[in-house]
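Rule-based calculations on the coordinates, nothing more; no lab input. Only a predicted model underlies this, so the values are computations on that prediction, with no experimental measurement involved. Reconstructed Cβ throughout: ideal geometry from the backbone, glycine too, with neighbour counts over all protein chains shown.
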Amino acid sequence: MKVHQSNFSIEGFSEAVAYEEIKSLATQHSLLDYYDLGSGYIPKLPYNLGNREHSLEEILTCNPSLISFSGDKLFGSVQAGIIAGRADLIATLKQNQLLRMLRVDKITLSLLEESIKAYLKEEWESIPTLWLLFRSIEELTQRALHVKEAVGQAYCDIMPSETYMGGGTLPNRKFPTIALHVKGKATVLERKFREKLVIGRIEEDKFLLDFRTILPHNEVLLIDIIKQIVG
């Protein structure tokens, strides 16, 4: 069994056994192998984020007995747990009485199905988590400039920053982003924006809005909220 490190990372002189080795050992001794991926993902991740993580495609080439991963996080769909693997083992799991308590409802299944359809059609805009992750710094900068010009250059400026996936995904793996620095006392701004249902963060006493968390169709509303708060 191999389990993903969710929400933490081990740094320094440490090693981890490759899943391929676990699979080989299990096969030699007629044992089941199981990999809890934590957060499964399909396309190759940008910014070298995938060099410590196995994609679903990589694991499936090893023909695992069982794998599990979250339906949300990097997979980008609804909050759910997904178990896949050998048909006979899945059939055994379905017979367990715990299934009646742990199975998801039809709404969750239908939403998950729509996400999988988007994967098959490569409609990445329908999977916001991945769509935002793959935005380039140039694109984020242009969008931030648009908001800055609409609000007024005296009230905000643009700065490079770094961000994280969060939610138990890619622990301590940061990657570049572009933020809009709204000028003013950071703690006061954070409170006022939260009252408008907008969540930013504070870095070095600056209140920032991370454009890797903002969808384009929300920009008009965001501009209006910023204007209300900064006057």
Could you sort 77-89, 11-23 so that the peptide with the highest average Cβ count within 10 Å comes first and the rest follow in order? 77-89, 11-23
Restricting things to Cα coordinates, could you compute the convex hull volume per residue of region 62-144 in Å³? 125 Å³
Region 1-121 - Rg over Rh from alpha carbon coordinates, Kirkwood radius: 0.98
Whole-Å distance, taken between Cα centres, linking region 172-224 and region 127-152: 12 Å
Under the 7 Å Cα-to-Cβ spin-label approximation, residue 63 and residue 221 lie apart by a distance in nanometres of 5.0 nm
Between residue 206 and residues 5 or more places away or on another chain, the pairs with built amide H atoms under 5 Å apart involve none
Going through 174/206; 148/174; 23/121; 44/185; 73/185 one by one, the pairs whose alpha carbons sit over 30 Å apart turn out to be 23/121; 44/185; 73/185
Counting only residues 5 or more places away or on other chains, whose amide H sits under 5 Å from the amide H of residue 65 once H atoms are built in the peptide plane? 33
5 angstrom amide H check on residue 183, placed H, neighbours 5+ away: 156, 157
Starting from the alpha-carbon convex hull of the chain, give the projected area averaged over all orientations, in nm². 15.9 nm²
Mind listing the phi-derived Karplus ³J(HN,Hα) values for region 59-75, rounded to whole Hz, using 6.51, -1.76 and 1.60 with θ = phi - 60°, and x for any glycine or proline? 5, 5, 5, 8, 6, x, 5, 8, 9, 9, 6, 7, x, 9, 6, 5, 5
Candidate lysines for bridging to residue 94, where Cα separation is under 18 Å - those fewer than 8 sequence places away on the same chain excluded: 106
In sequence order, what are the phi-derived ³J(HN,Hα) couplings for region 114-121 according to the Karplus relation 6.51 cos²θ - 1.76 cosθ + 1.60 with θ = phi - 60°, rounded to whole Hz, with x for glycine and proline? 5, 5, 5, 4, 4, 4, 4, 8
Quick one: Karplus J couplings for region 123-134, per residue in order, coefficients 6.51, -1.76, 1.60, θ = phi - 60°, nearest Hz, x for Gly and Pro? 8, 5, 5, 7, 10, x, 4, 6, 4, 5, 4, 8
Computed over the chain, the relative contact order (Cα-Cα under 8 Å, seq sep at least six) in percent reads 17 percent
